[in-house]
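A.B. asks: Have a look at this one before I ask anything.
The values are calculated or read from the model by the stated rules, or taken from the named source; none is laboratory data. Note that the coordinates shown come from a computational prediction; the quantities given were computed from them, not determined experimentally. Don't worry about glycine lacking a Cβ; one is built from the backbone with ideal geometry, like all the others, and counts go over all protein chains shown.
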Amino acid sequence: MKLKNDENVNFLCGGEDISSLVVDLGFYSCKIGHNQEDTPRIFLNSICGERDMNDEDENYMNGSLKDINYKELKFPLNLYNRNENIRIKPLFYKDDNKDNIKLNTDVFEKILEYSIEGVEIPKVFECTDDILMDPIKLCGLNLNFEEHPILLTEFNMHNHKIREEMTEILFEKYNIPALYFAKKAKLTSFSLGRSTSLVIDIGYNSLNINPVYEGYVLQKNSCEYNIGGEYFDKLIYEQLKKDNVNIIPYFVYCNGYNNMRTCFNDNMNDSIHNNNHSNNHNNIHSNNNTGDDNYHGNSNNYQNNSLQNNVNPFYNIHHSYKEECILDVIRYMKESVCKTRIIYDESKCEEKKNSIQINSNFKEENNLEISNDNNIKDGCTKEEFFELPDGYKINIHKYKYDIAEHLFQSIPSLNNFKGLPQSIINCIISTDVDIRKELLQSIVITGGSSLFPGLIERLHNSLKEKECFTQSNKFKILNMTSLVEQKYSSWLGGSILASLGTFQQMWVSKKEYHESGHDIIFDRCF
């Protein structure tokens, strides 16, 4: 069976091989792969590198060379390399109001070309008989855009501008045969075989609570808060600054700067050692475009003012690239260290400490032997450390549980966020009475920032304590079979949806687009 209203499309449906692609784009990462598969084949960060031009460069380069060399994006961007004069350009970004999401179309094109077509090497070598080898393509899926329909995931809140931009690029530039847009929450629900559920997506940029009813995302009842992985990363960074700890990016050590310790220390004098460490820190959000601001390491005591540029690890490094490299180290620390308290009760913790102290005093007064086992004491007092790339060890006491605790606290500055449990209840109450029971029986937790160990158990315990839940009004949190499914549920739902024979009539073909324009995209994709 051929695609409706398009004789040029040659993929099959109704149980046959469809060979469509599922593209899941997010603020932090992009997942691309074939339908009918259970995991994506391509994982990419949602950032590109762009050459930073100053006034001298613009005056020196003529127009043609500037367009060819300077505006070419660097992708993929390896944060372990020392990329000079490269600024970070994200796929998605928010305007000054922090509400409207916008798309960098050139980054969108670069990611698609790299992941689907691959990188072409035009000439490999010439044989002795002057026969030129055919060009080969590296990385990516090595596929042709014109042969595969694409299912694109999109944010749960309507964004007509981004949808129009993506549609024009895919149909007019890449000439794809068919296209469909689907909301992330809807696909997450489909990945668990549910058409109705309450999807809680804790992503990199935001926390979204979306009721899905019969395959429709209820826009009016959906909630979005600016708390997610990026928020947690900055919390950790601010706490590290308070603790006088500097984060040194990986590229400092991957490019030979790890051998400069003696050189750095020899340039330090007693006044530097006695300086107030609080003045040695720099905000990663600084507007210094040269990137060669002062920097002090944890154990090396970097002081760039006393060093030449040839040994300055941040010389010609754009501040946005330095920031991204620092946050990359912090993300690894967060994923390795941070957890969620399953039961949070300060009174019980205090009682336990008092009980231990009373028991210890009793033994001392009666000349009894006191146990040296530290495990008897409160687990919070046991010191644990995380080692940074430069070997400096951080006591994780302030980071292990306190970071994820923000999900359960009221934060008025974040769209009047009342904590995750109360926000879920408020979302449920805003929906129609007839569907509340179905939503409560199908609560789904997804997103990369939902992988804090103990988060689901803590949420379950917190919801149980709410007075609104009685014997006749119960809730159920659906379990994912694996962490991969929990992290990439929207892509998996897209893979399932694009494989259904009954879905094939929903594709918007190239012919339909040229006849009806953008209107058909908004009419058919909901």
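A.B. asks: Could you say whether any residue in region 56-78 is modelled with pLDDT of 95 or more and either over 34 Å from the mean Cα position of the chain (by Cα) or not in a strand (DSSP E or B) (or both)?
C.D. replies: no
A.B. asks: Can you name every residue in region 79-106 that is closer than 21 Å to HIS158 by Cα, surrounded by 16 or more Cβ atoms within 10 Å (Cβ to Cβ) and modelled with pLDDT of 95 or more?
C.D. replies: Within region 79-106, PRO90, LEU91, PHE92, LEU103, ASN104 meet the criteria.
A.B. asks: Kindly evaluate PHE475 against the criterion of being outside any helix (DSSP H, G or I) and surrounded by 15 or more Cβ atoms within 10 Å (Cβ to Cβ).
C.D. replies: So PHE475 passes the test.
A.B. asks: Another question, if that's okay. Of all residues in region 23-49, count the ones that are farther than 21 Å from ASP106 by Cβ and either acidic (Asp, Glu) or in a loop (DSSP other than H, G, I, E, B) (or both).
C.D. replies: 7
A.B. asks: Do we find a residue being surrounded by 13 or more Cβ atoms within 10 Å (Cβ to Cβ) and modelled with pLDDT under 95 anywhere in region 178-186?
C.D. replies: The answer is no; no qualifying residue exists.
A.B. asks: Then there is this: Name every residue in region 402-444 that is farther than 18 Å from VAL199 by Cβ and among the aliphatic types (A, V, I, L, M), in order of residue number.
C.D. replies: If the condition is that a residue be farther than 18 Å from VAL199 by Cβ and among the aliphatic types (A, V, I, L, M), then ILE403, ALA404, ILE411, LEU414, VAL433 are the ones that fit.
A.B. asks: Considering region 208-224 alone, what residues qualify as being more than 16 Å from PHE92 (Cβ to Cβ) and not in a loop (DSSP other than H, G, I, E, B)?
C.D. replies: ILE209, ASN210, PRO211, VAL212, TYR213, TYR216, VAL217, GLN219, LYS220, ASN221, CYS223
Yes/no per residue for (1) in contact with a Ser or Thr (Cβ under 6 Å, 6 or more places away or on another chain); (2) at pLDDT 50 or above; (3) not β-branched (Val, Ile, Thr):
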site	(1), (2), (3)
GLU369	no, no, yes
ASN372	no, no, yes
ILE403	no, yes, no
LEU407	no, yes, yes
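A.B. asks: Additional query: Restricted to region 418-444, and to residues that are among the β-branched types (Val, Ile, Thr) and part of a helix (DSSP H, G or I), which residue is farthest from ASN473 (Cα to Cα)?
C.D. replies: Checked region 418-444; the qualifying residue farthest from ASN473 (Cα to Cα) is ILE424.
A.B. asks: Which members of region 484-521 meet the condition of being touching a residue at least 40 places away in the same chain (Cβ under 8 Å), over 26 Å from THR446 (Cβ atoms) and assigned to a helix (DSSP H, G or I)?
C.D. replies: Of everything in region 484-521, those that are touching a residue at least 40 places away in the same chain (Cβ under 8 Å), over 26 Å from THR446 (Cβ atoms) and assigned to a helix (DSSP H, G or I) turn out to be GLY501, GLN504, GLN505, LYS510, LYS511, GLU512, TYR513, HIS514.
A.B. asks: Now for a separate question. What number goes with the only condition from (1) closer than 30 Å to PHE232 by Cβ; (2) surrounded by 19 or more Cβ atoms within 10 Å (Cβ to Cβ); (3) in contact with a Ser or Thr (Cβ under 7 Å, 6 or more places away or on another chain) that LEU420 does not pass?
C.D. replies: (3)
A.B. asks: Working carefully through the options GLU512, GLU457, GLU465, GLU485, find the one that is under 20 Å from the mean Cα position of the chain (by Cα), acidic (Asp, Glu) and surrounded by fewer than 22 Cβ atoms within 10 Å (Cβ to Cβ).
C.D. replies: From the options GLU512, GLU457, GLU465, GLU485, the qualifying one is GLU485.
A.B. asks: Please enumerate the residues belonging to region 486-502 that are farther than 12 Å from THR153 by Cα and not polar (S, T, N, Q).
C.D. replies: LYS487, ILE496, LEU500, GLY501, listed by residue number.
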